[in-house]
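To start, the structure under review is shown below, and the notes come after it.
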Amino acid sequence: MEPQSHWWRDAAIYQIYVRSFADSNGDGEGDLAGIRERLPHLAELGVDAIWLTPFYVSPLADGGYDVADYRDVDPRFGTLEDFDALLETAHGMGIRLIIDVVPNHSSSAHRWFKEAAAAEPGEHARSRYVFRDGRGPDGEEPPNNWKSIFGGPAWTRLKRPDGTPEQWYLHLFDPEQPDFDWTNQEVHDEFDDVLRFWLDRGVDGFRIDVAHGMVKDPAMPDIAEDAKADMLDGSTSLPYFDQDGVHEIYRRWARIAAEYPGDRALVAEAWVEDAQRVARYLRPDELHQAFNFEYLTAPWDAGRLREVIDVSLAANTAVGATTTWVLSNHDVTRHVTRFGGGEQGLRRARAATLLMLGLPGSVYLYQGEELGLPEVTDLPEDSLQDPTWERSGRTDRGRDGCRVPLPWGGDQAPYGFGPEGSVPWLPMPEGWGALSRAAQRGVEGSTLELYTKALRLRRELDALGDGSMAWLDAPGGVLYFEREPGVRVAVNLTGEAVELAADGEVLVASGPVGEPAGGTLSLPAETAVWLRG
Ligand code: BGC
C-alpha cells in the first residue's frame, strides 16, 4: 500500500476508557460487552476507529495500567470471547480497533514480579525488573533520587517474609507498577510475543503506554533536586525518559506490525520535550503516530495555538508522518473545564472542536467530549481511586474527575451507564441527565449534534483530513485558514465579535452565527465556523 493511503493519516479515533463507557452486567464497571452493545452510537457519531484503554487482568492499582497478565481479559471487563466478539462487531461496522500495550512496567501481581520478589538478589528472576542495592551502610537509602510520577520516591524496598529489608526495585509510577528491565532480552521477546498475540486476534494497532520510557540511562544518575518528575510536563530531560535506545525497540515493533496484513498502527504516548523530539518516534522505520500533547496543553490563545500548529506540522512533515490533534484523554482535566468551565468553557470547547477537526491530519477524541462533559471536580474524597491522591499525601486529587462514567440517558444515576439500580464505580453528578446522549441526540445545537455533523463533513469533504493548510489574513485573536479544495476554517478566540473579510456558505458553526454578507462574516466571541465557496 502507498504510504499516503494509510488509514490512520486522517482517522478520527475515539478513546474508550473501558471502565467508564458502558456497564452491561450491573457490577458498576464498564465492560467489553457494554462497548459492543453501544457500538451503533459510535458508528452514528462517525468515528473511524476506537482505542480501548487496558482491559487486561489487573488489580487496578492504576486503572488497569498495572497489568498482571498481558494475554487475558480481567473478569471485571469480560473474557477473551467478549473481546473477539467486540472486534468482530466493530469490524463489521467499519470501525477499527486499537488497544493499549503497557511495556514500561507490569503489575506487582504479574507472575514475573512475584517470582522476582521470591528470588534472591542476583538470581535470574530478578533480572526482568530493575533491582538494586540501597545506598548507605545498611542500604537503607534508595539507589538514587528518582521520583515517582505519582509522588514520593521511585524506589520501594523489598522485605523478606521475616521482615528483614533487602533490595530496592524501581517504579516510575505506583509501587504496584515495577519497571521492567529492558536490558534483558527476555523482556523484548516477551513483548514481541504479546504484540503478536493481539495482532493474530486481529487488532488494528496499539497505543504504546509511556512510549518514551522503558530504556534508562545505564549510569542511573541522580536527577537535579528541583527536577520536575511530572510526566505530563515533558519539559525536563530525565535519565529515564526519551533515551535514544528506545528507538531500537520501535524499529523492531514496526517490523512486526508490518508482517501483518491490513495496515496495523503503532501510536506513541510520548510526553517529550518538543515536536522535534516527538517526531523522532515517527521516523519512517519506527512508529506511525504520536499524541500531540503540545497541542493538548496549549492555552486558549490564538498566537500560541498557531505556533503549535505550525511547529507540529513542520516536525511531522519532515519525517513523512501525519500530525495528530487531541484535546482530552483519561489523564488530563477535561477541556471544557480547562477552558474556563461553565458556559464559557463549553463555548470555547465547541469552537476548539471545529478548529481541531478542521486541521490536517488525524484526531483523537476522548469519550464524553462529544457530550460536552466537564471535569467532575467535587468527587467525594472517599470515592477517589487514582493513586495520585494517596501518593501526593492527599494534595492532588488526580485524574478521576475525567473518568466518571458516561451518561447515556435518564434523569438519575447511573444514567443508563449500567442497569437501573446499579452503582457506578465513581459517583455520577446530579443533573447529568441533561448532558446524556439521549438528551442531546437529534437536538439542534447540542454538542453531540455538532460532533456528529462535523465528523460527517470531515469524511465527506476531500479538503478535510489529511493534506495541507494555508493561513489567511485575519484580525488579532482570530485563526483563519484554508483547506483545499474550497473549505475555510475561522475561529474567533477573543471575547468580542469580530468582522472577518470572508464569504461563502456556513457549513457548520460552533454557536449561533449568520451567513456572510457583502464579503463580511460577523463572527461572535469564542466561536468557530467552517465555510465553503
Ligand atoms: C497512562 C496513565 C498511566 C501511566 C502509567 C500513562 O501514560 O495514560 O493513565 O497512569 O501511563 O501506566
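The values are calculated or read from the model by the stated rules, or taken from the named source; none is laboratory data. Small disclaimer: the values here were computed from a predicted structure and weren't measured. Because the Cβ atoms are built from the backbone with ideal geometry, glycine has one as well, and the counts that use them run over all protein chains shown. The area values use the complete protein model at the heavy-atom level, side chains included, leaving out ligands, DNA and RNA. Shrake-Rupley method; radii C 1.70, N 1.55, O 1.52, S 1.80 Å.
Screening region 272-290 for residues that are open to solvent by 10 Å² or more (accessible area, probe 1.4 Å) and part of a loop (DSSP other than H, G, I, E, B) and picking the one that is farthest from Leu354 (Cα to Cα) gives Asp285.
Scanning region 112-147 for residues that are touching a residue at least 60 places away in the same chain (Cβ under 8 Å), within 16 Å of the ligand (Cβ to nearest atom) and closer than 15 Å to Met220 by Cβ turns up Val130, Trp146, Lys147.
Quick check: is even one residue across region 8-21 at pLDDT 95 or above, out of contact with any Ser or Thr (no Cβ under 7 Å at 6 or more places or on another chain), within 23 Å of Gly358 (Cβ to Cβ) and open to solvent by 10 Å² or more (accessible area, probe 1.4 Å)? No, region 8-21 contains no residue that is at pLDDT 95 or above, out of contact with any Ser or Thr (no Cβ under 7 Å at 6 or more places or on another chain), within 23 Å of Gly358 (Cβ to Cβ) and open to solvent by 10 Å² or more (accessible area, probe 1.4 Å).
Could you look through region 57-110, keep only residues that are assigned to a strand (DSSP E or B) and open to solvent by less than 10 Å² (accessible area, probe 1.4 Å), and pick out the one that is nearest to Tyr169 (Cα to Cα)? Reasoning before the result, please.
Step one: filter region 57-110 for residues assigned to a strand (DSSP E or B), giving 57, 69-73, 96-101, 105.
Right, trim to open to solvent by less than 10 Å² (accessible area, probe 1.4 Å) and you get 70, 73, 97-101, 105.
Working: Tyr70: 21, Val73: 27, Leu97: 35, Ile98: 31, Ile99: 28, Asp100: 24, Val101: 22, His105: 12 Å.
Among those that are assigned to a strand (DSSP E or B) and open to solvent by less than 10 Å² (accessible area, probe 1.4 Å), it is His105.
If only residues of region 271-296 that are away from the ligand (no atom under 16 Å from the Cβ) and among the aliphatic types (A, V, I, L, M) are counted, the one that is modelled with the lowest pLDDT is Ala275. When Glu140 is tested against (1) surrounded by fewer than 13 Cβ atoms within 10 Å (Cβ to Cβ); (2) touching an Asp or Glu at 6+ places or on another chain (Cβ under 8 Å); (3) at pLDDT 95 or above, just one condition goes unmet, and that condition is (2). Scanning region 19-46 for residues that are closer than 18 Å to Asp100 by Cα and within 19 Å of the chain's Cα centre (by Cα) turns up Arg19, Ser20, Phe21, Gly30, Asp31, Leu32, Ile35.
Has region 126-137 got at least one residue that is aromatic (Phe, Trp, Tyr) and outside the structural domain of Phe291 (by the TED database)? Step through it out loud before you land on a result.
Initially, region 126-137 is screened for residues aromatic (Phe, Trp, Tyr), giving 129, 131.
So of that shortlist, the ones also outside the structural domain of Phe291 (by the TED database) come out as 129, 131.
Yes, there is a match, as at least one residue in region 126-137 is aromatic (Phe, Trp, Tyr) and outside the structural domain of Phe291 (by the TED database).
Each row is one residue, and each column tells you yes or no for (1) within 15 Å of the ligand (Cβ to nearest atom); (2) crowded, with 21+ Cβ neighbours inside 10 Å; (3) not in a helix (DSSP H, G or I).
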residue: Gly163; (1), (2), (3): no, no, yes
residue: Leu172; (1), (2), (3): yes, yes, yes
residue: Glu186; (1), (2), (3): no, no, no
residue: Thr236; (1), (2), (3): no, no, yes
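Looking only at region 380-413, residues that are open to solvent by less than 20 Å² (accessible area, probe 1.4 Å), touching a residue at least 60 places away in the same chain (Cβ under 8 Å) and closer than 14 Å to Arg38 by Cβ come to 2 in all.
Here's the yes/no breakdown for (1) in contact with a helix residue (DSSP H, G or I) (Cβ under 7 Å, 6 or more places away or on another chain); (2) within 16 Å of the ligand (Cβ to nearest atom):
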residue: Ala298; (1), (2): yes, no
residue: Leu305; (1), (2): no, no
residue: Val308; (1), (2): yes, no
residue: Asn316; (1), (2): yes, no
residue: Leu327; (1), (2): yes, yes
residue: Arg334; (1), (2): yes, yes
residue: Thr337; (1), (2): yes, no
residue: Gly340; (1), (2): yes, no
residue: Ala351; (1), (2): no, no
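Only one entry in Phe293, Phe191 is on the phi < 0 side of the Ramachandran plot and either open to solvent by 40 Å² or more (accessible area, probe 1.4 Å) or out of contact with any Pro (no Cβ under 6 Å at 6 or more places or on another chain) (or both), namely Phe293. Is it the case that Gly431 is open to solvent by 50 Å² or more (accessible area, probe 1.4 Å), touching a residue at least 60 places away in the same chain (Cβ under 8 Å) and on the phi > 0 side of the Ramachandran plot? So Gly431 fails the test. Scanning region 451-484 for residues that are touching a strand residue (DSSP E or B) at 6+ places or on another chain (Cβ under 6 Å), in contact (Cβ under 8 Å) with a residue 40 or more places away in the chain and over 19 Å from Trp8 (Cα atoms) returns Lys453, Trp471, Val478, Leu479, Phe481. Counting the residues of region 56-96 that are closer than 22 Å to Asp179 by Cβ and hydrophobic (A, V, I, L, M, F, W, C) gives 5.
If you go through region 434-476 and keep only what is buried (at least 18 other Cβ atoms within 10 Å of the Cβ) and of a type in the set (Gly, Ala, Ser), you end up with Ser436, Ala439, Ser446, Ala454, Ala463, Gly465, Ala474.
List every residue pair whose Cβ atoms sit under 9 Å apart, with the two residues 6 or more apart in sequence or on different chains, where the first one lies in region 434-448 and is assigned by the TED database to the domain that holds Gly410 and assigned to a loop (DSSP other than H, G, I, E, B) and the second, anywhere, is open to solvent by 60 Å² or more (accessible area, probe 1.4 Å) and not aliphatic (A, V, I, L, M). So the pair list comes out as Ser436/Asp411; Arg441/Glu44; Gly445/Pro512.
Would you call Leu365 surrounded by fewer than 23 Cβ atoms within 10 Å (Cβ to Cβ) and either assigned by the TED database to the domain that holds Asp48 or modelled with pLDDT under 95 (or both)? Against the criterion (surrounded by fewer than 23 Cβ atoms within 10 Å (Cβ to Cβ) and either assigned by the TED database to the domain that holds Asp48 or modelled with pLDDT under 95 (or both)), Leu365 does not qualify.
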